[in-house]
Amino acid sequence: MELPRPIERVLDRVRSIELPRPVLRLVERIQMWSERVGIAIQRVVLTVMLTLIYTIGVGLTRLYARMVSRQHLGLYEGPNAAATYWKDAEGYTPDREQLHKQF
Amino acid sequence: MTVLGLSCYYHDASAAIIRDGIVVAAVQEERFDRERYSPVFPIQAVNFCLQQAGITIYDIDEVAFYEKMYLKFERTILAHVIGYPFTFNNFVETMPLWLKDRLAVSFAVREELSFKKPVLYVKHHLSHAASAFLVSPFERAAILTVDGVGEYACATWGVGNGTDIQIKKEQHYPHSLGLLYSIVTAFLGFHVFTGEGKVMALAEFGEPDHLDHFKKIIDLKDDGSFRLDTRYFSFNRGAKMHNEKFEELFGAPRGPGEPMTDRHHNIAASLQRMTEEIVLRMARHVHKATGERYLCLAGGVSLNVTANSRIRSEGQFEDLYIQPAAGDAGAALGAAAYVYHTVGGNPRVQPMTTCALGPEFSNHSVEVLLRNRRAKFQKLDRAALVAETARRIAANQVVGWFKGRSEFGPRALGNRSILANPADPTMRDRLNLAIKKREGFRPFGASVLLEHVSDYFEFEGDSPYMLLVANIRPDKLGSIPAVTHVNNTSRIQTLTSERDGVYYELVREFYAQTGLPMILNTSFNRDEPIVNTPAEALKCFDESGIDCLVINDYVVDKATR
């Protein structure tokens, strides 16, 4: 981001000031702790958002699936008389349009 | 035409370049960032591949990625729906990875590589299939891929013909042999990805007393397809993937540091026998269904050398080709090969006859390093180097051997190896405990001259990538204790002059000096990825009990440093 010239000049001046060591150390520590606080806030916000998505999004989907008796992923709970569990393979064609997609 | 293949964001991130039908370079990112099974975007691997090919990113015609991430994400979400609410921890832990990296592959390619064209996404198991078939010596062959899981598929089979690959059938998550093996690996107290090989080795110490228990939780059909009874497992629910019902059958899991007991050995043995039975039935079914003479294997389960050997001897095929980087690292190569040959319509030029596709270093750079480190070294010509190294190995010294281009895949095959005398009865313990700092039960493989392999092993034919085991001949038992596993087998790599060059000469010289046509070969590393640079080799040499280091044409002796 390009700042107006007068501000740039002021900033350059500030940057060129040699701060005493204790002040430099204080500035570094403030930077370090700001970064840590930022990361912690990010984690908290992300966790809260993901919790909401999980509880509401995944939870409602689960509820809907149960209501309509929808089975996913072919879970299995005991032997059956099927001759084979091999399924016909799908989506393995060298079609360039298909290959551009991630589905 | 030049195609760059990529794999990343799960494990074994890697890059590979195919140019005009030749595999120019392929390497795993872990060799550069020194994190085992590194999952990160393989920028360093890509940079190396471009450098090796003598090109820039602007010379790349296509970029191929090894799986379809959105499809995989769909399967992941479905697993969370099914496991709700017990998968909460896993959801919160993994979703940031999806949002940041895995769903943004195109963005990463554009930003990290400055490659503006659309990326081509090859399905996971198709990448595996291509990594084996399209670089094999077979014009046509059956293909079998078995691993943990790709998008949905955990195993597939099909047929390859010329540049065409037809995947016929697949088996879907969660009914996965790779996952089952990993679950039991964790149950036995090992880390997933690093522990499966240990479980395979441990299996030979036990009896398959728990085979009936495995048959109870696996409904296996004659054609090798199977279902896991999911009532015994807890997928996506946290670190533990088995549950109390599983423990009722097999007992309590082994805790970290807990001593190994016969029960653990027997569970490992039972799992291994079950795995062999499953893949053998799959192979036989594929043979019957396709009528093909040859079989190509890939996918992480193809690193199970014992199962591979059973397929070779009992699978009814005339010959096998196993991709040396059979895991997800090889899938990068497979994706590139698929786009180059099958999509691009380019003919196959030559099979991949070596997996030495990584970096190599000049004598000049090695000498500069040695001088800077004040190492006392000597430079020898080829014949003298071979003779001196063979002499040291015959004198029961452990030699670090760093030559040529690094190998692609998990095996060291004579370019980044630690070599030793297979006849020394103390060598296995010394290597395991003192040098490599690993469990004492882990066996070592042997590099043996092809023309003499049947002198010592009940084996005929070629095993260039150390992905097969062989029984040691009864009259030779006791002669090579360092490479003899508890069940009197050894994992073998066969050497030829054309393929293995100076490494072949070394073993031939060792044979001339000792009468043994083989040496012990293990990977040049110690609790880290295989060494990549001379500096890393020197560091490993310094910090371990390796007696002597050979880098290119230089011999570095610890005693003289």
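Derivation of every value follows stated rules applied to the coordinates shown; laboratory data play no part. Being a predicted model, the structure only gives us computed values, none of them experimental. All Cβ positions, even for glycine, are placed from backbone atoms using ideal geometry, and neighbour counts span all protein chains on display.
Observations on the model:
- In sequence order, calculated HN-Hα J values of the stretch B:221-228 (Karplus, 6.51, -1.76, 1.60; Hz; x Gly/Pro): 8, 4, 8, x, 6, 8, 10, 8
- Where both bridge residues fall in the protein assembly as shown, DSSP classifies roughly 70% of the beta bridges as antiparallel.
- Within the shell of other residues whose beta carbon sits under 11 angstrom from the beta carbon of B:Tyr511, the net charge comes to -3, with Lys and Arg scored +1 and Asp and Glu -1.
- If you take all other residues with their beta carbon under 12 Å from the beta carbon of B:Phe214, and give Lys and Arg +1 and Asp and Glu -1, the sum is -3.
- Compactness of the stretch B:438-561, expressed as Rg and Dmax over alpha-carbon positions, Å: 15.5, 44
- Under the membrane-span-like helix rule (DSSP H runs whose alpha carbons stretch at least 30 Å along the helix axis, mean Kyte-Doolittle hydropathy -1.0 or higher), chain A yields A:21-52.
- Modelled FRET efficiency - R0 25 Å, A:Met32 with B:Ser365, Cβ distances, 0.05 increments: 0.05
- Exercise: per-residue mean of other protein chain Cβ atoms within 10 Å, B:78-89: 5
- Estimated from helical segments only, the mean residue ellipticity of the protein assembly as shown at 222 nm is -11500 deg cm²/dmol, where each DSSP H run of four or more residues counts as -39500 (n - 2.57).
- Under 5 Å, built H, 5+ apart or other chain: amide partners of B:Leu468: B:Ile492
- Residue mean of other protein chain beta carbons inside 10 Å, B:63-71: 2
- Counting Cβ atoms of other protein chains within 10 Å of each Cβ in B:164-173 and taking the mean gives 4.
- Residues whose placed amide H lies under 5 Å from that of B:Phe457, excluding near-sequence neighbours: B:Arg473
- Sequence-distant residues sharing a close amide H with B:Cys296 (under 5 Å, placed H): B:Ala142, B:Ile143, B:Leu144, B:Tyr321
- Evaluated with a Cβ-only charge set (Lys, Arg +1; Asp, Glu -1), the protein assembly as shown carries a dipole of roughly 1600 debye about its Cα centre, given to the nearest 20.
- Each Lys or Arg adds one and each Asp or Glu subtracts one; over the other residues with Cβ under 15 Å from the Cβ of B:Lys476, this totals -2.
- The phi torsions of the stretch B:519-530, fed into the Karplus equation with coefficients 6.51, -1.76 and 1.60 and a -60° offset, translate into couplings of 9, 6, 10, 10, 6, 8, 6, 8, 6, 7, x, 4 Hz, rounded to whole numbers, with Gly and Pro shown as x.
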